[in-house]
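**Student:** Let me give you the structure first, and then I'll get to my questions.
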Amino acid sequence: MWFQSGPRTGPRHTDDAAVPPRSAPDLDSDQDGAPASTTTATLSRQHLTEATIAASTASTVTSTADALSDASVTATLSLPPSDPPTDTPPPTRRYGRLPVPLIARILALVVLLGGVGAYLGGLSTVRIVDDGVARTFRTHADTVAGLLRHAGITLSRHDTIQPALTEPIEDGTQVTIGRARPLRLTLDGVTEQRWVTARTIAELLEQLGIGGVRVQLSGGEIDQEIPRTGMTLTIRTEKRLTLVADGNRSEITTFAATTAELLQEQGLELGEHDEVTPPVEESLYQVSTVTIVRVRLETRTETVVVEAPEEIRHNDEWMLDQRMVIEEGQDGESEQVIEYVYRDGELAERRVVSERVIREARPRIIQQGTQEYPPDPTGLNWEALAECESGGNPTAVSPGGTYHGLYQFSVETWRRVGGIGLPSQATPREQTYRAILLYQRAGAGQWPVCGSRLFT
């Protein structure tokens, strides 16, 4: 609503109603004696209620009206001029009271615009790619899960989504949804039921890691879409492998899915006992070498000697290295059916298929000591003595057969110090132990030529 300012003699129109002219002194103040420069409009509680109802479409206006319910609102407006008559003096400023409904509408508009601005300011613009179809979506959601609820998107059990449902949403985030499809896939002879998110067979090959490999397809074309309801597909990949067979080694290229298919393709037959790696029914996926081994079996019946087993009997009075056969025993004899295995012409294995005992073997009984050897209490140079007597050879025997071993014991002297058998048949540790006993009994004179070496 506009007001005319300045004194005038003609009529002034406000809200299409005529206002009678006022004298010059009346222009200095309004009806309540307020200054002419401003007009104060005090709103009562009833007026505020009207303002609240007028702005009810904005939720934030109600809170604003409640905050102002016990206060007064002052509005000051300038009165717009109108064309004064040519026969009147220059116009002066005139004020009028602002209607309450207009104030309510202004408050509602201000609050509403502020709320809309705040709402729009909290939105994030997100790009959603759902099964390859992209769209832009604006949301107040904080997480990917909240975005899906806001956008009305649901996921099935095998669908995939990136980022994860718990990840936060930011302005510019892209959310990619892969829709799962049931696929009965036979890849190089191996059949399995699986769920895939690839939309085309070409995309499926990429997901399988064979996108750059030549393939043969059965049940679809390379650029064919995989329906959401699923499909059955057979894939054979091109393979470059080495074939080893019959002494030959060759490099071949094939789409055969299994070893059996390769052998058929190459015209190779397997004998009853032949071996092939990988086995016949296994897939050739990622296999680099196929090897065929020709196996020949020969069966023979042979009479063989069965060695007599050893039976050990302990003697607690003997030293550990004292050992004597007290009964020789007897070898046995049996008839065996033997299978000889030849691989690529070379004997690789001997198998006893069956056996019949002709004569039982009798065990060889051996008596052996159990006592540990004590440390040398003399501290003498026994190595030097042995080197002088026998050249350090524990099996040495003198030309006449009288003296034996490291320290050239006679058989009689050897047995006097507790030795058994021949000195040259005893271990070096046993011979040195008996030499120490002999020295303790008779001194270094037992070795008249080399005895002095003990003290070097």
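Every read-out reported here was derived from the displayed coordinates using simple, explicitly stated rules and does not represent laboratory data. Remember, predicted model here, so these are calculated numbers, not experimental data. No Cβ is skipped: glycine too gets one built from the backbone with ideal geometry, and neighbour counts run over all protein chains shown.
**Student:** For TRP318, list long-range residues whose amide hydrogen, built 1.01 Å from N in the peptide plane, is under 5 Å from its own amide hydrogen.
**Tutor:** Distant-sequence amide H within range of TRP318: THR370, GLN371.
**Student:** How large is ³J(HN,Hα) for each residue in the stretch 149-164, as worked out from phi by the Karplus curve 6.51 cos²θ - 1.76 cosθ + 1.60 (θ = phi - 60°), to whole Hz, x for Gly and Pro?
**Tutor:** Result, rounded to whole Hz: 5, 5, 8, x, 9, 10, 10, 8, 4, 9, 5, 10, 8, 9, x, 5.
**Student:** Ok, one more. Please list 3J(HN,Hα) in residue order for the stretch 313-324, calculated via the Karplus relation 6.51 cos²θ - 1.76 cosθ + 1.60 where θ = phi - 60°; whole Hz, with x for glycine and proline.
**Tutor:** My calculation for the stretch 313-324 gives 10, 8, 10, 6, 8, 8, 6, 4, 8, 7, 9, 9 Hz in order.
**Student:** Could I have the simple spin-label model distance between VAL411 and THR427, label points 7 Å from Cα toward Cβ, reported in nm to one decimal?
**Tutor:** Rounded to a tenth, the inter-label distance reads 2.4 nm.
**Student:** I want to check the label-to-label distance for THR125 and ALA348. Put each point 7 Å from Cα in the C-beta direction and report it in nm to one decimal.
**Tutor:** With each label placed 7 Å out from Cα toward Cβ, I get 7.1 nm.
**Student:** What residues qualify as long-range amide H neighbours of PHE409, i.e. H under 5 Å apart, gap of 5 or more or another chain, H built at 1.01 Å from N?
**Tutor:** Answer set, sorted by chain and number: HIS404.
**Student:** What's the magnitude of the charge dipole for the stretch 298-367 around its Cα centre, counting Lys and Arg as +1 and Asp and Glu as -1 at the beta-carbon? Answer in Debye, nearest 20.
**Tutor:** So the magnitude is around 140 debye.
**Student:** Tell me, how many Å apart are the Cα centres for the stretch 132-174 and for the stretch 427-456?
**Tutor:** A separation of 96 Å, based on Cα centres.
**Student:** Which one of GLY211, GLY189, VAL290 is farthest out on the positive end of the charge dipole of the stretch 182-290, using unit charges on Cβ (Lys, Arg +1; Asp, Glu -1) and the Cα centre as origin?
**Tutor:** Highest projection toward the positive end goes to GLY211.
**Student:** Report the label-to-label distance for ILE312 and GLU206 in nanometres (one decimal), using points 7 Å from each Cα along the Cα→Cβ vector.
**Tutor:** 7.1 nm
**Student:** Name the long-range amide H neighbours of ARG364: under 5 Å, sequence gap of 5 or more, or other chain; modelled H, no Pro or chain starts.
**Tutor:** GLU310, GLU311
**Student:** With a cap of 13 neighbouring Cβ atoms within 10 Å, and only residues DSSP puts in a loop, list the GluC sites (Glu not before Pro) found in the stretch 236-295.
**Tutor:** GLU238, GLU269, GLU272, GLU281
**Student:** With +1 on each Lys and Arg Cβ and -1 on each Asp and Glu Cβ, how big is the dipole of the stretch 181-237 about its Cα centre, in debye rounded to the nearest 20?
**Tutor:** So the dipole magnitude of the stretch 181-237 works out to roughly 160 debye.
**Student:** Separate question: Spelling out what I want: for every residue of the stretch 328-333, take phi, set θ = phi - 60°, compute 6.51 cos²θ - 1.76 cosθ + 1.60 (Karplus), and round to whole Hz; glycine and proline get x.
**Tutor:** Values per residue, Gly and Pro as x: 5, x, 8, 5, x, 8 Hz.
**Student:** Another question, then. About the Cα centre of the stretch 124-178, how large is the charge dipole given +1 on each Lys and Arg Cβ and -1 on each Asp and Glu Cβ? Please answer in debye to the nearest 20.
**Tutor:** Using only the charged Cβ atoms, the result is roughly 160 debye.
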